[in-house]
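*Asks:* If you scroll down you'll find the structure; I have some questions about it.
The values are calculated or read from the model by the stated rules, or taken from the named source; none is laboratory data. For clarity, every value in this text was computed on a predicted model and none was experimentally measured. Positions of Cβ are backbone-derived with ideal geometry, glycine not excepted, and every protein chain shown enters the neighbour counts.
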Amino acid sequence: MVSGERLDRLQPETPLHWIRQILITGKEMQRFVLLLAWVAVGIVAGCSSGRPKTFQVSGTVTMKGQPVEGATVVFVPPDGASYQAAMGITDATGTFKLSTFNGNDGAQEGEYRIKVSKFNVKKPTKEEQERYISIEEERKMQFGDDKPAVPAKNLLPGKYNDEAMSGLTYTVKRGPNTVPLALE
């Protein structure tokens, strides 16, 4: 008769053989259960984003009743707030959707001050191109061949580019939010 220990050595090594070998002692069983628990925790943690909840925020920007295309809308939380700023850019109809972490994911619940700006991004004329600097020209500036860059110009009244001065505020609530922003 062959003993159980010797029988184990004679059997081919299969996955079931290895599992049985692990389960032989109580201490090994504890290690195996602990390993499975850590794997389960890792899977659960890996599946959650860990990001705070956001809520859909969309709206329109108009100036004197006309939609404003290409404006940047920024929702700025108050100082000391535990939530993030959110931003969006208006399309041809003046419509925007806010993003905080991912595209169009919305904003976190809370109070915000709002700033809106639209900088000239038109293609420069030939004369303007001569005044702009290229990367190569910027490098030349380091060696004394200076050409100043043309500053971007905000096409909206300056007060809207400062959340403290714009007078625009909104409280994002749970669920979808719609924000009409009528600029003067």
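*Asks:* Going by the conditions given, is residue 115 over 29 Å from residue 55 (Cα atoms) and either modelled with pLDDT of 95 or more or in a loop (DSSP other than H, G, I, E, B) (or both)?
*Replies:* Details: over 29 Å from residue 55 (Cα atoms): no; either modelled with pLDDT of 95 or more or in a loop (DSSP other than H, G, I, E, B) (or both): yes.
Judged against the criteria, residue 115 is not a match.
*Asks:* Can you tell me which residue in the stretch 87-127 is surrounded by the most Cβ atoms within 10 Å (Cβ to Cβ), limited to those that are of a type in the set (D, E, K, R) and free of Cβ contacts under 8 Å to residues at least 40 places away in the same chain?
*Replies:* The first filter runs over the stretch 87-127 and keeps only residues of a type in the set (D, E, K, R), leaving 91, 97, 105, 109, 111, 113, 115, 118, 122-123, 126-127.
With free of Cβ contacts under 8 Å to residues at least 40 places away in the same chain added as a condition, the list becomes 91, 122-123, 126-127.
Working: 91: 14, 122: 8, 123: 6, 126: 6, 127: 7.
Taking the candidates together, the pick is 91.
*Asks:* If residue 90 meets every condition in (1) within 16 Å of the chain's Cα centre (by Cα); (2) at pLDDT 95 or above; (3) polar (S, T, N, Q) apart from one, which number is that one?
*Replies:* (1)
*Asks:* Of the residues 70, 88, 103, 65, which is in the same structural domain as residue 165 (by TED's automatic domain parsing) and more than 22 Å from residue 158 (Cα to Cα)? Give the derivation first.
*Replies:* Details: 70 fails: more than 22 Å from residue 158 (Cα to Cα); 88 fails: more than 22 Å from residue 158 (Cα to Cα); 65 fails: more than 22 Å from residue 158 (Cα to Cα).
Of the residues listed, the single one that is in the same structural domain as residue 165 (by TED's automatic domain parsing) and more than 22 Å from residue 158 (Cα to Cα) is 103.
*Asks:* Exactly one condition in (1) modelled with pLDDT under 65; (2) under 20 Å from the mean Cα position of the chain (by Cα) is false for residue 141; which is it?
*Replies:* Going through (1) modelled with pLDDT under 65; (2) under 20 Å from the mean Cα position of the chain (by Cα) one by one, residue 141 breaks only (2).
*Asks:* Then there is this: Could you figure out which of (1) surrounded by 17 or more Cβ atoms within 10 Å (Cβ to Cβ); (2) within 16 Å of residue 169 (Cβ to Cβ); (3) among the small types (Gly, Ala, Ser) isn't true of residue 71?
*Replies:* (2)
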